[in-house]
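The structure appears below as structure tokens.
The values are calculated or read from the model by the stated rules, or taken from the named source; none is laboratory data. Since we're looking at a predicted model, the values are computed, not measured. FYI the Cβ positions are ideal-geometry reconstructions off the backbone, even for glycines, and counts take in every protein chain you see.
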Amino acid sequence: MKTRLPEHGPLETPRFWRTLDERLETPEAQRAAQDEFLPGAVPTIYDDVHGLPPQDGFSRRDFFGLVGAAAAVAATVACDRKGQGKVVPYTRRPVEVVPGVANYYASAYQEGRRVYPVLVKTREGRPILVSGNDEHPGVKGKTSPRAMADVLRLYDPDRLRAPKSGGRIIGWPEAEAQLHGALKGAREAGKPVLLITGAQASPSQKALLSGLKAVLPTLEHLAYEPASGDAAEEAARACFGQAVEVQPRLTKAKVILSLGADFLNGEDPEALAAWGAKRRLKDAQETINRLWVIEGPLTLTGTNADVRVPVAPSRLGPVAFALAKGLAGLGVPLPAGTDLSAIPAGMPPELKEATKDAGKVWSSLLKDLHHAGRNAVVLCGPQMPAEVHQAAHLLNAMLASEAVAVLAAEPLATVKELEAAAKGMAEGRYAAVVFWGVNPAYTYPRAAAWKEAVAKVAFRAWIGQVEDETSAQCQLLLPENHWLESWGDFTTASAAVLQQPTIGTLYDTRQGEDLFLGAIKALGGQAPASYHAFIQGRWQTSLPSGTSFEQALHDGLVKGEAKGVAPAFRGASVSAAAKAAMQSKAQGLELVLFPGFATFDGRHANNSWLQETPDPITKMTWDNPLSLSVQDATALGIQEGDFVSLTLEGTTLRLPAILQPGQTKGVLALALGYGRSTGGVARNVGTNAFPLMGLDPARANHRMAASLAKAGGKKELSRTQSHHRMEGRDLVRSLTMEEFAHDPQGHHHAPELVTLYEEQTFPDHKWGMVIDLAACVGCSACVVACQSENNVPVVGPEQVARGREMHWIRIDRYYEGDLENPKVVHQPMLCQHCDNAPCENVCPVNATNHSNEGLNQMAYNRCVGTRYCANNCPYKVRRFNFLEYTSYKTEPETLAYNPEVTVRPRGVMEKCSFCVQRINDVKIRAKGDGRAILDGEVTTACMAGCPADAIVFGDLKDPKSKVSQLRSASRAYRVLEELGVKPAITYLADLKNPAVEGGTHAV
Amino acid sequence: MADTNRTQMANRATALLAGPFLLGRRALSALFPPEDEAPPEQPRKDLGRGITVTPPEHAIKRRG
Amino acid sequence: MPSEAAIPAGAIPEGLLEPALTVGRVTPGSLDDQVLAFPETRPPWKWYLALCVTLTALAIGVGCIGYTFYTGIGAWGNNSPVFWAFDIINFVFWVGIGHAGTLISAILFLFRKRWRNAIARFAEAMTIFAVICAVIFPLIHVGRPWLAYWLFPYPNQRALWTNFRSPLLWDVFAVNTYFSVSAMFWYLGLIPDIASMRDRTTSKLRKPIYTVLALGWRGAATHWQHYEKAYLLLAGLATGLVLSVHSVVSFDFATSVVPGWHMTIFPPYFVAGAIFAGFAMVVMVLVVVRETMELKNLITMRHLDVMNKVILAMSCIMGYSYMMEGFTAWYSMNEYLHHGFMNIISGTYGWAGWLTISCNILIPQILWFKKARASYFWMIFVAIGVTLGMWFERFVIIVISLHQDYLPSAWRIYRPTLIDFGILLGTFGIFFTLVLLFARVLPVIATTEVKAILPDSQPSHHGDDHHV
């Protein structure tokens, strides 16, 4: 642009002058004073502004201008990125859906007999997070890892989206016509119809099925739960004459004896809450409970035991009956009719092998149980043989335990009944068979025989979500709603619970109950239009006054103790069991088959979140290796990861082995629910262990005379932890009650941290966390909660094997002491949000930095991925996207994302953010209300998910906050504090209450 | 002088850059008729692929 | 040196006289004919064969890098906790190789070590090629290489700025400065020789290229005056860089909290190691050059002898450093450091630790013997050993320290993938391709500088001549 010097006004007489001419103000001098270039300095033909030669075409400025414009145009043109999609506002906004605002619905989830009242968070109509229903008096806002992860099943791309007949997609009218036709035909022919479902916990569903039975008298119904433990069912029938559900009430327990019962594995939020409450001690004067565990395989409960005695499951019966006899010797009366004459008095010999000072252990156990009396409880693992269950029932009856509730339950079909059904099918007894939410072609131990039998039934229908081994045999496939799309109701001990849909059906699916309502109508019965109406009708008649159905839906429940007479224990029933227990002889290796932590009975096998959640004990993902004791492995020359062949009654499986410290010699353990042959995620993950299940319901999950041999070859195990000892480092502190009372800090001295730099100041908040290791059992609920909340990607077994799992929180599990029965500790490890974070100063692009609220935050957009931060993190909690894990995802998988958390692309570092989106959500709401943030208002996902309340999050600036107070507790310490990184997470030392030395008496 | 030069240059540069771009775009759109440029009255063909999220019927939300 | 100059030459005993720096009769004319005419000759088939081999390696490397760009860093063996592995090992390795050139050309120049004149050009060229190999790694090892330019502090409208507290950023500056100064220094030294080649060549293709590259050099006295000043100044600048670059590279490790990295000895230890590795590489290449290019009269056994002595000296410094690492681990009573050191000598990767110690400390001790220093077999044996050993030293520092740090739960074994090896091979391909091309198109010996040290030359700026 042409510019001229501004015209000067009338010149004043210059104060300073260069030449006499200037002083005299000659016109030449005046011009010279104004001109930048003196006359003569620039040839007159030159450009008078720039003093440049005359130009005919192109100036330097023009050139640069053009280059700049060209670059800008090129950049603009290049900015059209493909496949970005469009953001379109709602043309008709659904009522209730406000973009950016989460809706919460109360609902319920059922797994086996267990019912989880839940609260479901939805965003823009999509359920994205499941947590426990905070109104429910039992679960108090907590739920299980599998319940939380089940939201992913809603968005499983493998879901069947429309009815199918003979492999062809059909419409619902045709599908229903086929079903109704078959049922009518069966009724007319008078031939039985077999219906196999999962456990019945819903009163309305029960009423519905009895309605169906009324119009279809030939209906035979089996409620089949392959992983719930047939032995428990058998024992209940023997001891109580009916099916029961044993629910621990651990708030009332001072002494807990577990006979292979893994009640702390995360499945039971009520038990975990009670456990946590008894363990989060402020000082040693508070009472603590004591957990005795006698078990074969090492369970999560065993790792948390105060005293653990490894005893093979086959020997548990004699030990348990010996306890009963011992208690009787101490004056506790035996129930009428109980005859324990088969049991020798005194300490059973099994104990002597298991532990060094067996005599002391035995006497203190007896004393503990005797003293605790009604506050003692004996729990038995469902996988244990029936006689152990009976012994446990006997012990609880003798102690008159208040810490356990034995409730009448709907009976379950054991493997024996399934066998009978298979026989019936093979004989052509049934006209039709309907499978509803079960997969016996996979779970039945003799799958080949089962399939052969099913093929003989003329009409085979399947109701379910994802095509499976069973649906492969059926002509008619009826796609079912996910539970988040369904109605239902359940009975729990402390409340009646309602299940309501949180989203309209994603596909052309229906609820199973609606199909049966249709069938009732087609068979000439009376039924309301929908299952919703059915439930509403039933509830409106039974609701307590003052409660509307809408209110019940809003709350998700109506409180009230379940009515019913507690089944009475039959003392005489155990005598035979006691004899049987004494006669059972160990032969060969014994195998315990337990439901997989991630897969349960295989129903969750297609859930990648769960498949990648490390098993709390073995830290295995994506596989079910055979656990064997270190002694047996040494004897057989088997090393970790070696393939072994496991043979039992003619069935041989080839699978990898892992050495499990703490597992009893001669015991093998194998998880069920793996080795599925269908499902995009589940297929060929692990080994199917159901063929090893027994056909004797009394010991279906506990098999004897297994043999094991090396099969050659080695598998790279997809384990998230490959080193299991603490190497003597001060990482997890563990105190006995005696140490807690006298010297909680022990020889640990707080390091003197000197710094040259000014202390950081945090003007408003300073977020911090306290994790109580005494309450933490290692159940991994926090891992799943975090995964769901923070869109943590799944990487698959190969990547886990290479140490590239992405979980923002991991549970470190260390073994201490001898391999035969080590002490085990768990430690949740997540970003410590250090104030002197070593990761922050090494990032060359400032992608990770410290907020003025003490958060160590990641700017994903800025991260170029040098990975220096992760190298420099002493806790190794940073996670790097080594590969692209997210961008190829499409609907429906992407619908599970939390829209408030960025989905990270490859090449970017990520880590725990202390759920900054939740902090900001609360901050915004508090600001809107014009108030301060309340203590406990901000919860991180892990804290909200922790059933034991081991995690406390809050503002350290507030001296009254719970987190501030816990931070100065006597058990408090910080991991690697000596490095001077100033972590924001404080751990409270683990507590153990051993019986022989160092414990306080619980009673 | 520079101003006049610039105008000429700008015109020339615009023609140089925009011409091929516009021509190329027209040629490309002739070869591959755009799908998402269709008038808004006509529903897009690939709508069926997307999953429609609908709110649940009769459900009562706790809060939101 | 006035005191020396004051002594008549005849008074110096024969044994103290510096031996001649060239062998046989070398005149300025014969030197030009020998060195400057060489690029005009047709390469032998062996050269083409060698080029084929190096180009294949280069292509493999480029392919592997392309695959990495396509899939992500996951194509490599890097994992948690070993977030850095071959990428940074190779980077440090190649930066180290580059150090010998600058040391020879700049520091020895300032110390008036005239024997460096004959080998400075080649060593400098190797520096530049090695640094080219090195800078590949910071660019490709980041998770999002298309954003690697964010490491430069350039003004931008997003108001984003780099973190000057990060040693990685210091690296960016250190390596860039090093590369640009080395390249300038090398090019400056080439100008008079290129001008000579321009004047000699009859090729229509080469003539204009040399003309442009010679920057109008006419050999005028003012040219020489400016040239020598500039050369001296750049030598001074490069001298500082020899020390600074590898010190800064060592800061990547020394300023971190990783046990085994956080050590004050790292800067001098890294510099010594770099010179060590660089000299070994120069010895290896020079032996080949002197044999295949008929330069035995200029690159004499004395050169090799002196360089072998430097290697021996550096080996001793390395030995001291290793011992200090062990001593620090013991004396500090730091359990993490102690564990890290025990890993070097007895852990899963203990073999790498012992390989490093053997190759870097034990094997070079053979060079105490004059016969070994004069034997091709032994010096190549040592040089290969040192190159291997120094690569593994970085493996020991990076992988062994990272794979087991503070929390045992996070420990994990590292295993490289084929892609890792492919990229390593590729950098050797790049390096030797450039060496081969350089040997054919540019004068491998600085003739102007060698002319100054010919026995019958006048005393010159490159130092006084004791020969009468």
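Mind checking which residues of region A:856-894 are touching a Ser or Thr at 6+ places or on another chain (Cβ under 7 Å) and more than 10 Å from every other protein chain (Cβ to nearest Cβ)?
Within region A:856-894, A:856, A:857, A:858, A:860 meet the criteria.
How many residues, within region A:515-527, are surrounded by 15 or more Cβ atoms within 10 Å (Cβ to Cβ) and outside any helix (DSSP H, G or I)? Can you show your working first?
In the first step, residues of region A:515-527 are kept if they are surrounded by 15 or more Cβ atoms within 10 Å (Cβ to Cβ); the result is A:515-523, A:527.
Cutting the leftovers down to outside any helix (DSSP H, G or I) gives us A:523, A:527.
Residues meeting the conditions: 2.
Could you grab me the full set of residues in region C:131-184 that are more than 13 Å from chain A (Cβ to nearest Cβ), in a helix (DSSP H, G or I) and over 19 Å from residue C:394 (Cα atoms)?
Matches in region C:131-184: C:176, C:177, C:178, C:179, C:180, C:181, C:182, C:183, C:184.
Of everything in region C:40-56 that's free of Cβ contacts under 8 Å to residues at least 60 places away in the same chain and either within 13 Å of another protein chain (Cβ to nearest Cβ) or among the hydroxyl-bearing types (Ser, Thr, Tyr) (or both), which residue is surrounded by the fewest Cβ atoms within 10 Å (Cβ to Cβ)?
Among those residues, the one meeting the criterion is C:41.
With the condition kept exactly as written, say whether any residue in region A:689-705 is more than 25 Å from residue A:810 (Cβ to Cβ), part of a loop (DSSP other than H, G, I, E, B) and touching a Ser or Thr at 6+ places or on another chain (Cβ under 6 Å).
There is no residue in region A:689-705 that is more than 25 Å from residue A:810 (Cβ to Cβ), part of a loop (DSSP other than H, G, I, E, B) and touching a Ser or Thr at 6+ places or on another chain (Cβ under 6 Å).
If residue A:800 meets every condition in (1) of a type outside the set (Asp, Glu); (2) surrounded by fewer than 24 Cβ atoms within 10 Å (Cβ to Cβ); (3) part of a helix (DSSP H, G or I) apart from one, which number is that one?
(2)
Matching residues to (1) surrounded by fewer than 18 Cβ atoms within 10 Å (Cβ to Cβ); (2) away from chain C (no Cβ under 14 Å):
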position: A:925; (1), (2): yes, yes
position: A:934; (1), (2): yes, yes
position: A:946; (1), (2): no, yes
position: A:955; (1), (2): no, yes
position: A:971; (1), (2): no, yes
position: A:985; (1), (2): no, no
position: A:988; (1), (2): no, yes
position: A:992; (1), (2): no, yes
position: A:996; (1), (2): yes, yes
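Anything in region A:592-643 that is of a type in the set (S, T, N, Q) and under 20 Å from residue A:299 (Cα atoms)? List them, or say none. Write out each step before concluding.
Going residue by residue through region A:592-643, those that are of a type in the set (S, T, N, Q) are A:599, A:606-608, A:611, A:613, A:618, A:621, A:624, A:627, A:629, A:631, A:634, A:639.
If the condition is that a residue be of a type in the set (S, T, N, Q) and under 20 Å from residue A:299 (Cα atoms), then A:599, A:611, A:613, A:618, A:621, A:624, A:627, A:629, A:631 are the ones that fit.
Can you tell me which residue among C:277, C:238, C:272 is in contact (Cβ under 8 Å) with a residue 24 or more places away in the chain, more than 14 Å from every other protein chain (Cβ to nearest Cβ), closer than 28 Å to residue C:36 by Cα and among the small types (Gly, Ala, Ser)? Steps first, answer last, please.
Working: C:277 fails: closer than 28 Å to residue C:36 by Cα; C:272 fails: closer than 28 Å to residue C:36 by Cα.
Only one candidate qualifies: C:238.
Just to be sure I understand the filter: pairs with C-beta atoms under 6 Å, separated by 6 or more residues or on different chains, first member in region A:95-118 and within 14 Å of another protein chain (Cβ to nearest Cβ), second member in a loop (DSSP other than H, G, I, E, B) and surrounded by fewer than 18 Cβ atoms within 10 Å (Cβ to Cβ). Which pairs pass?
These pairs meet every condition: A:101/B:64; A:102/B:64; A:103/B:64; A:104/B:64.
Residues of region C:356-375 being closer than 23 Å to residue C:290 by Cα and loosely packed, with under 14 Cβ neighbours inside 10 Å, which ones?
C:369, C:370, C:371 - these are the residues of region C:356-375 that are closer than 23 Å to residue C:290 by Cα and loosely packed, with under 14 Cβ neighbours inside 10 Å.
Inspect all residues belonging to region A:896-908 and state whether any of them is of a type in the set (S, T, N, Q) and either within 8 Å of chain C (Cβ to nearest Cβ) or within 26 Å of residue A:800 (Cβ to Cβ) (or both).
Within region A:896-908 (the criterion being of a type in the set (S, T, N, Q) and either within 8 Å of chain C (Cβ to nearest Cβ) or within 26 Å of residue A:800 (Cβ to Cβ) (or both)), the answer is yes, since at least one residue qualifies.
Report yes if residue C:324 is within 16 Å of the chain's Cα centre (by Cα), in contact (Cβ under 8 Å) with a residue 24 or more places away in the chain and surrounded by fewer than 19 Cβ atoms within 10 Å (Cβ to Cβ), otherwise no.
For residue C:324, the condition - within 16 Å of the chain's Cα centre (by Cα), in contact (Cβ under 8 Å) with a residue 24 or more places away in the chain and surrounded by fewer than 19 Cβ atoms within 10 Å (Cβ to Cβ) - is not met.
Consider region C:57-77. How many of its residues are touching a Phe, Trp or Tyr at 6+ places or on another chain (Cβ under 7 Å) and either at the interface with another protein chain (Cβ under 9 Å from one of its Cβ atoms) or surrounded by 23 or more Cβ atoms within 10 Å (Cβ to Cβ) (or both)?
6
With the requirement that a residue be closer than 30 Å to residue A:244 by Cα and either in a strand (DSSP E or B) or β-branched (Val, Ile, Thr) (or both), what does region A:101-113 give you?
A:106, A:107, A:108, A:109, A:110, A:111
Anything in region C:407-433 that is of a type in the set (Phe, Trp, Tyr) and either assigned to a helix (DSSP H, G or I) or touching a Leu at 6+ places or on another chain (Cβ under 6 Å) (or both)? List them, or say none.
Within region C:407-433, C:421, C:428, C:431, C:432 qualify.
Identify the residue in region A:495-511 that is assigned to a loop (DSSP other than H, G, I, E, B) and within 11 Å of another protein chain (Cβ to nearest Cβ) and, among all such residues, is farthest from residue A:557 (Cα to Cα).
Selected residue: A:507.
Can you report the number of residues in region A:812-853 which are among the hydrophobic types (A, V, I, L, M, F, W, C), under 20 Å from the mean Cα position of the chain (by Cα) and within 9 Å of chain C (Cβ to nearest Cβ)?
Narrowing region A:812-853 to residues among the hydrophobic types (A, V, I, L, M, F, W, C): A:819, A:824-825, A:829-831, A:834, A:837, A:839, A:842-843, A:845, A:847.
Then keep just the ones that are under 20 Å from the mean Cα position of the chain (by Cα); that gives A:825, A:829-831.
Checking which are within 9 Å of chain C (Cβ to nearest Cβ) leaves us with A:829.
Selection size over region A:812-853: 1.
If you go through region A:880-891 one residue at a time, how many are touching a helix residue (DSSP H, G or I) at 6+ places or on another chain (Cβ under 8 Å) and either crowded, with 19+ Cβ neighbours inside 10 Å or under 20 Å from residue A:856 (Cβ atoms) (or both)?
Within region A:880-891, residues that are touching a helix residue (DSSP H, G or I) at 6+ places or on another chain (Cβ under 8 Å) and either crowded, with 19+ Cβ neighbours inside 10 Å or under 20 Å from residue A:856 (Cβ atoms) (or both) number 2.
Against the definition (surrounded by 10 or more Cβ atoms within 10 Å (Cβ to Cβ), farther than 30 Å from residue A:122 by Cβ and either at pLDDT below 75 or of a type in the set (A, V, I, L, M, F, W, C) (or both)), how does residue B:42 come out, yes or no?
Considered against the rule, which asks whether it is surrounded by 10 or more Cβ atoms within 10 Å (Cβ to Cβ), farther than 30 Å from residue A:122 by Cβ and either at pLDDT below 75 or of a type in the set (A, V, I, L, M, F, W, C) (or both), residue B:42 comes out as no.
Would you kindly identify the strands (runs of 3 or more DSSP E) lying entirely within region A:444-494 that contain at least 2 residues that are farther than 14 Å from residue A:425 by Cα and more than 29 Å from the chain's Cα centre (by Cα)?
Strands (runs of 3 or more DSSP E) meeting the threshold: A:476-479.
Just need a number here: residues in region A:114-149 that are charged (D, E, K, R), part of a loop (DSSP other than H, G, I, E, B) and over 14 Å from residue A:895 (Cα atoms).
Filtering region A:114-149 for residues charged (D, E, K, R) gives A:114, A:121, A:123-124, A:126, A:134-135, A:140, A:142, A:146.
Going one step further and asking which of them are part of a loop (DSSP other than H, G, I, E, B), we end up with A:124, A:134-135, A:140, A:142.
Of the ones still in play, those that are also over 14 Å from residue A:895 (Cα atoms) are A:134-135, A:140, A:142.
Adding up the residues that qualify gives 4.
Could you list all residues from region C:344-359 that are part of a helix (DSSP H, G or I) and among the hydroxyl-bearing types (Ser, Thr, Tyr)?
C:346, C:356, C:358
Which of the residues that make up region C:193-210 are in a helix (DSSP H, G or I) and more than 24 Å from the chain's Cα centre (by Cα)? Spell out how you get there, then give the answer.
Applying the first criterion (in a helix (DSSP H, G or I)) to region C:193-210 yields C:193-200, C:206-210.
Passing the criteria: C:195, C:196, C:197, C:198, C:199, C:200, C:206, C:207, C:208, C:209, C:210.
Just for region A:704-751: of the residues that are touching a strand residue (DSSP E or B) at 6+ places or on another chain (Cβ under 9 Å) and among the basic types (Lys, Arg), which one is surrounded by the most Cβ atoms within 10 Å (Cβ to Cβ)?
It comes out as A:719.
Return only the number of the condition from (1) out of contact with any Gly (no Cβ under 8 Å at 6 or more places or on another chain); (2) surrounded by 20 or more Cβ atoms within 10 Å (Cβ to Cβ); (3) of a type outside the set (A, V, I, L, M) that residue A:91 does not satisfy.
(2) is the only condition that residue A:91 fails.
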